[in-house]
Amino acid sequence: MLTDRQSKILAAIIEQYAEVAAPVGSNLLAKAFEVSSATIRADMAHLEDEGYIKQPHTSAGRIPTDKGYRLYVNNLSEDKPQITEGRGEKALMARVESGGQPERTIRNAVDTLVELTHNLGLATIGNQLYMSGLSNLFGQPEFMNKGQVQEVARLLDNLEPWLREASPNEPLSVYIGQENPVGGAAGCSLIISRFRSPYSDRSYIGTLGPTRQSYRDVMQLVSRAGRTLEEVLYA
């Protein structure tokens, strides 16, 4: 069980780590929460004991675990913040609405997600899986290791048949790290939205990126992409 402050510290570690790709230390958090470093270290020790964060190598800082990301994402989903029409959402809607043919419309949405999230973008178009932004994915510092790159490739190779077989039923689904059905050791998060298209009532659009990413922003954009595609394709 986490206190309110511990939950907020976990969120702060996740959000800071997403920005800087470096372990987060107690001094930075102490300033943000206006408490002593000792207090923060005690809270971080509890988060570590519970398996939500870990200490990489001999670093003084901590990074999130898959379990920590899962709690954070669940809290985001429960919050259900009001969708705001930021620049990203407006750009996405403009590109989708100008697509024309259904295939081009879906591709436009994927390409825009790539630009906005800096992740790999993907969508099912009939029985095919359209992907864009591989250089974004493999340009992340997490994927400098050859073995990890192979795990990512294995995930991508099996993604289309898995989507067809599993048919995730939620409007928005998030698979974090080891939760991925294949390539669980790749350190990736798959965020996908289900939508109706002329090709299938279970079409999917989403992104694949490192577990270290801005979940709030990416989840909102992927969800918006699915809803906008459905609205435009059935207008």
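Among the numbered conditions (1) surrounded by fewer than 17 Cβ atoms within 10 Å (Cβ to Cβ); (2) part of a helix (DSSP H, G or I); (3) at pLDDT 85 or above, tell me where VAL73 comes up short.
All conditions are met except number (1).
Might you check whether a residue that is within 19 Å of the chain's Cα centre (by Cα), under 18 Å from SER214 (Cβ atoms) and either touching a residue at least 40 places away in the same chain (Cβ under 8 Å) or not assigned by TED's automatic domain parsing to the domain that holds GLY187 (or both) occurs anywhere in segment 55-64?
Among the residues of segment 55-64, at least one is within 19 Å of the chain's Cα centre (by Cα), under 18 Å from SER214 (Cβ atoms) and either touching a residue at least 40 places away in the same chain (Cβ under 8 Å) or not assigned by TED's automatic domain parsing to the domain that holds GLY187 (or both), which makes the answer yes.
Can you spot a residue in segment 77-88 that is part of a helix (DSSP H, G or I), at pLDDT 95 or above and surrounded by fewer than 15 Cβ atoms within 10 Å (Cβ to Cβ)? Steps first, answer last, please.
Let us first name the residues in segment 77-88 that are part of a helix (DSSP H, G or I), namely 77-79, 87-88.
Filter once more, so that each one left must be at pLDDT 95 or above: none.
For segment 77-88, residues part of a helix (DSSP H, G or I), at pLDDT 95 or above and surrounded by fewer than 15 Cβ atoms within 10 Å (Cβ to Cβ): absent.
Can you find, within segment 89-133, the residue that is modelled with the highest pLDDT among those that are in a helix (DSSP H, G or I) and exposed (fewer than 14 other Cβ atoms within 10 Å of the Cβ)? So that I can check it myself, show each step before the final result.
Let us first name the residues in segment 89-133 that are in a helix (DSSP H, G or I), namely 89-97, 102-117.
Okay, now just the ones that are also exposed (fewer than 14 other Cβ atoms within 10 Å of the Cβ), so 90, 94, 104.
Numbers: LYS90: 85, ALA94: 86, ARG104: 93.
Among those residues, the one meeting the criterion is ARG104.
Conditions first: (1) out of contact with any Leu (no Cβ under 8 Å at 6 or more places or on another chain); (2) surrounded by 21 or more Cβ atoms within 10 Å (Cβ to Cβ); (3) under 21 Å from ILE125 (Cβ atoms). ASN169 passes all but one, so which condition is the exception?
(2)
Looking only at segment 26-53, which residues are outside any helix (DSSP H, G or I), of a type outside the set (A, V, I, L, M) and more than 24 Å from ASP217 (Cα to Cα)?
The first filter runs over segment 26-53 and keeps only residues outside any helix (DSSP H, G or I), leaving 34-36, 50-53.
After this cut, where a residue has to be of a type outside the set (A, V, I, L, M) as well, the list is 34, 36, 50-52.
Once the filter is applied, which keeps residues that are outside any helix (DSSP H, G or I), of a type outside the set (A, V, I, L, M) and more than 24 Å from ASP217 (Cα to Cα), segment 26-53 yields GLU34, SER36, GLU50, GLY51.
Residue check: is VAL174 among the β-branched types (Val, Ile, Thr), surrounded by fewer than 20 Cβ atoms within 10 Å (Cβ to Cβ) and on the phi < 0 side of the Ramachandran plot?
Here the answer is no, as VAL174 does not meet what is asked.
The values are calculated or read from the model by the stated rules, or taken from the named source; none is laboratory data. This is a predicted model, so every value here is computed, not measured. Cβ coordinates were reconstructed from backbone atoms using ideal geometry, including for glycine residues, and neighbour counts include every protein chain displayed.
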